[in-house]
Amino acid sequence: MGVFLRFFSVFNFYVVANLLFSSCALSDEIESEYLMEYSTVYNVDESYLNKSELKLKLEFDWELESGKLFFSNTFSFDLGGNLERGNPYENEPSAAGHRIALFGSDNVLFDLREFYYQTELFGHELTVGKQQIAWGQADGVAVLDLVNPIRYREFVLEDLEDARIPLWSVRYDLYFDDFSAQLIWIPDQSYSEFANNDSEFVLTSSRLMPQYPSPYPAEYIIEPVDKPNSVIKDSDYGFEISKQISGLDINVNYLNHYYDRPAFLRFINLESDIPKVTVHETFKKTKTYGFGLNRGYSDYVIRAEVAYSTNRYYIDYDARDFDGVQISPELNYVIGVDYYGFESSMVSFQFYQSRILDYKPTLSVVENDEIITFLYRLSTWNDNLDIEAQWFYDVHDHDGLVRFSGDYRISDNYSLSIYLNNFYGDYIGVFGQYDDRDQIGLNFKWYF
């Protein structure tokens, strides 16, 4: 209870300080928004409280004569759930994106979400600072949306805007008469973060994490994560060019980047009596070329995204392989159809495929991984109630995720949501690994 009170004391001081700061800027305009959000989730398979978390979010948008300053952060307080047992930032391979523990307790965390300055430069828009850069429009699968890493503390259940890890970066948006372009430079070496080994959504599938069963005793050596550390040499950069031709929206993308998920190199030493297996976790560079198409036809929207990555590192379970990985180009694409012909509702269907172009049967993943998604969204009661049903299905492993949610806006300041998440399938699958993680949740939001 003492930590709880200190937490609110700090928050109250913070709010007051920002209000005073806002009132001092008489010649400039500051818009601020505060959100208190409480979420609780119950694991119906194992009958325990999975999540009980209070979040306090602050955003302010300061309009200056020379541009705009935007600031967003989050205080989160763990009230006793099992979502992030142990050290909640154990697997955060980045200092720049690191959440900060307050009061010497891992239960209270501060997360600087976004902090950037936006101004006009040579008639175009320059944004410098910690920010999110979203490419593509695919829902639930990532094809072009590769710029920002993801925090997978709740696997894929968290809202994407909250799960994305903002990066310290420079974005230059250029607008011309018949097309637009976006140039990005990212010196921030932050990468995707996965749940720690004691958490609810720790990765266990052998498709994603290396598992080396051995018929004889072996000594396993797990080396510390090797991550890039040069601001200039190891920075990411890329561009997006967008144009509309006869109602068809076209975008072309290029990203030179470190892949946000680590490669697991494995080395076997047979010189001693007991074999030694060394696992080296590192991040590898790749180049991604892609494009997207979007076109509306009557009540339909047809969209597609394609991405080709030059180098991907896959776990190879062939003991004869020198380093336990297979380097291969990868082709990803998604085709989606959205239908808006029903009153106050939308239906969406997507087909996603990932193809390994230099495949071996001993790899941890399949040659052609295919996922089908379905989404139904209904707005009713004067748009105060949103009902949503979503389904993810992995064609090869026959596992998936079914989600239902209802979001009711009580007033302009309050909303209440209830949702159900049902995983199913074999433990080897990306979704099936959480077959015993079915849950029911409640979320309350207060804007002030």
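The values are calculated or read from the model by the stated rules, or taken from the named source; none is laboratory data. No experiment lies behind these values; they were computed from the predicted model shown. Heads up, the Cβs are rebuilt from the backbone with ideal geometry, glycines too, and the neighbour counts pull from every protein chain shown.
Before we move on, is Leu375 surrounded by fewer than 16 Cβ atoms within 10 Å (Cβ to Cβ), part of a strand (DSSP E or B), touching a strand residue (DSSP E or B) at 6+ places or on another chain (Cβ under 9 Å) and not charged (D, E, K, R)? Answer is no for this residue. Scanning the stretch 396-448 for residues that are of a type in the set (A, V, I, L, M), part of a strand (DSSP E or B) and crowded, with 16+ Cβ neighbours inside 10 Å gives Leu401, Val402, Ile440. Return the residues of the stretch 111-128 that are out of contact with any Pro (no Cβ under 9 Å at 6 or more places or on another chain) and part of a strand (DSSP E or B); say none if nothing qualifies. Listed by number, the residues that qualify are Asp111, Tyr117, Gln118, Thr119, Glu120, Leu121, His124, Glu125, Leu126, Thr127, Val128.
Among the residues of the stretch 143-165, the one identified as within 19 Å of Tyr308 (Cα to Cα) and touching a helix residue (DSSP H, G or I) at 6+ places or on another chain (Cβ under 9 Å) is Asp145. Put simply, of Leu385, Leu357 the only residue that is in contact with a Phe, Trp or Tyr (Cβ under 6 Å, 6 or more places away or on another chain) and either more than 20 Å from Val301 (Cβ to Cβ) or without any contact (Cβ under 8 Å) to a residue 24 or more places away in the chain (or both) is Leu385.
Checking each residue in the stretch 418-438 for being farther than 18 Å from Gln350 by Cβ and out of contact with any Lys or Arg (no Cβ under 8 Å at 6 or more places or on another chain) picks out Ile418, Tyr424, Gly425, Asp426, Tyr427, Gly432, Gln433, Tyr434, Asp435, Asp436, Arg437, Asp438. Taking the conditions (1) surrounded by 15 or more Cβ atoms within 10 Å (Cβ to Cβ); (2) free of Cβ contacts under 8 Å to residues at least 60 places away in the same chain in turn, Tyr34 satisfies each one other than (2). The set of residues in the stretch 212-243 that are touching a residue at least 60 places away in the same chain (Cβ under 8 Å) and more than 20 Å from Ile327 (Cβ to Cβ) comprises Ser214, Gly238, Glu240, Ile241, Ser242, Lys243.
Test Arg320 against the criterion of being over 27 Å from the mean Cα position of the chain (by Cα), basic (Lys, Arg) and either surrounded by 17 or more Cβ atoms within 10 Å (Cβ to Cβ) or not in a strand (DSSP E or B) (or both), and give yes or no. Steps first, answer last, please.
Working: over 27 Å from the mean Cα position of the chain (by Cα): yes; basic (Lys, Arg): yes; either surrounded by 17 or more Cβ atoms within 10 Å (Cβ to Cβ) or not in a strand (DSSP E or B) (or both): yes.
Yes: the conditions hold for Arg320.
Screening Val41 against (1) of a type in the set (Val, Ile, Thr); (2) modelled with pLDDT of 50 or more; (3) closer than 15 Å to Leu102 by Cα leaves a single unmet condition, (3).
Show me the strands (runs of 3 or more DSSP E) found entirely inside the stretch 161-230 where at least 1 residues are among the hydroxyl-bearing types (Ser, Thr, Tyr) and loosely packed, with under 13 Cβ neighbours inside 10 Å. Break it down into steps so the answer makes sense when it comes.
Numbers: elements: 167-175, 180-186, 219-222.
By residue number, 167-175, 219-222.
Test Leu265 against the stated conditions and say whether it is modelled with pLDDT of 95 or more and closer than 19 Å to Asp321 by Cα. Considered against the rule, which asks whether it is modelled with pLDDT of 95 or more and closer than 19 Å to Asp321 by Cα, Leu265 comes out as yes.
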